[in-house]
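Input: a single structure, listed below in structure tokens.
The values are calculated or read from the model by the stated rules, or taken from the named source; none is laboratory data. Quick caveat, the model's predicted, so the values are computed rather than measured. Counting neighbours? That spans all protein chains shown, and the Cβs are built from the backbone with ideal geometry, glycine included.
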Amino acid sequence: MRNKVLIYLSFFLLLVISFWYFLFNGTDAWQAKLPILSYVKPFSFKNQDNVTFTEKEMLGKVTVVEYFFTTCKGICPRMNTNMRTIYDKFKDEPNFLIVSHSCDPERDSVPQIKHYSDSLKVDTKKWVFLTGRKDSLYFQARNSYLLDDPKNSLEKIEDQFIHTQFFALVDKEGKVRGQIYDGLKQDELDKMKDNITKLLNEKSSKSNFANNIFNP
């Protein structure tokens, strides 16, 4: 009798496990979520075509974010060579975007970033280049994307200069996810590519940014 009870219980437990496996396997609920690090705050900059670009252009897209400047002779060329591999891998994904902000907007005018983007021969609907007010650009780097220490904002804006090799990854709802990735390290680039795929497969409302922070 006792053995029969154990058999029935084991069978029932197996049925329950199988039910939950087939219910959630392959869905977002079954998979571990990438941690949320921050939220994208409202902004308005100009792109390489002198068209206003805001946070709403990122809604519904998985976005890789970086800061660079067009006259950089140091890490920026290496960063954007590596960014090109990300662009080539995901450029045909309809919900993928790269956004490169200038950290030297005094020199990186709209014509300058247009010349730079043309030199890369990329689709600027998939890889966007932005310039604008220095204080606004730096605010976003520090407070939305966590690409620089916010304490650095205590200096006079004219004395500040962000020069970072790090990339941020933003999901379809405006949440910075996973980690901050070193754009010069292949293992972190590979990890970011894997996480881009995960975020592309995540379901999104596609109508609101996280916590409705960009809605009235």
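Annotations
- Failed criterion for GLY60 (all others in (1) in a helix (DSSP H, G or I); (2) at positive phi hold): (1)
Results for (1) surrounded by fewer than 18 Cβ atoms within 10 Å (Cβ to Cβ); (2) modelled with pLDDT of 95 or more; (3) not in a loop (DSSP other than H, G, I, E, B), shown as yes or no for each residue.
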| site | (1), (2), (3) |
| --- | --- |
| ASP108 | no, yes, no |
| SER117 | no, yes, yes |
| VAL122 | no, yes, no |
| VAL128 | no, yes, yes |
| TYR145 | no, yes, no |
| ILE162 | no, no, no |
| LYS191 | yes, yes, yes |
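- The lone exception for LEU154 - which of (1) surrounded by fewer than 16 Cβ atoms within 10 Å (Cβ to Cβ); (2) aliphatic (A, V, I, L, M); (3) in contact with a strand residue (DSSP E or B) (Cβ under 8 Å, 6 or more places away or on another chain) it fails: (3)
- Count - residues of the stretch 165-178 that are in a loop (DSSP other than H, G, I, E, B) and either crowded, with 21+ Cβ neighbours inside 10 Å or under 10 Å from the mean Cα position of the chain (by Cα) (or both): 5
- Residue within the stretch 196-205 that is modelled with pLDDT of 95 or more, under 11 Å from the mean Cα position of the chain (by Cα), charged (D, E, K, R) and closer than 21 Å to GLY60 by Cα present: no
- Exclusive hit being within 15 Å of VAL170 (Cα to Cα), without any contact (Cβ under 8 Å) to a residue 40 or more places away in the chain and among the charged types (D, E, K, R), set ARG84, ARG142: ARG142
- Residues being free of Cβ contacts under 8 Å to residues at least 12 places away in the same chain and outside any helix (DSSP H, G or I) - total across the stretch 87-106: 2
- In the stretch 31-56, the residues that are assigned by TED's automatic domain parsing to the domain that holds GLN140 and in a strand (DSSP E or B) form Cβ pairs under 8 Å with partners that are of a type in the set (S, T, N, Q) and modelled with pLDDT under 95, at six or more places apart or across chains, as follows: TYR39/ASN211.
- Residues of the stretch 149-177 that are β-branched (Val, Ile, Thr) and either in contact (Cβ under 8 Å) with a residue 40 or more places away in the chain or outside the structural domain of GLU55 (by TED's automatic domain parsing) (or both): ILE162, THR164, VAL170, VAL176.
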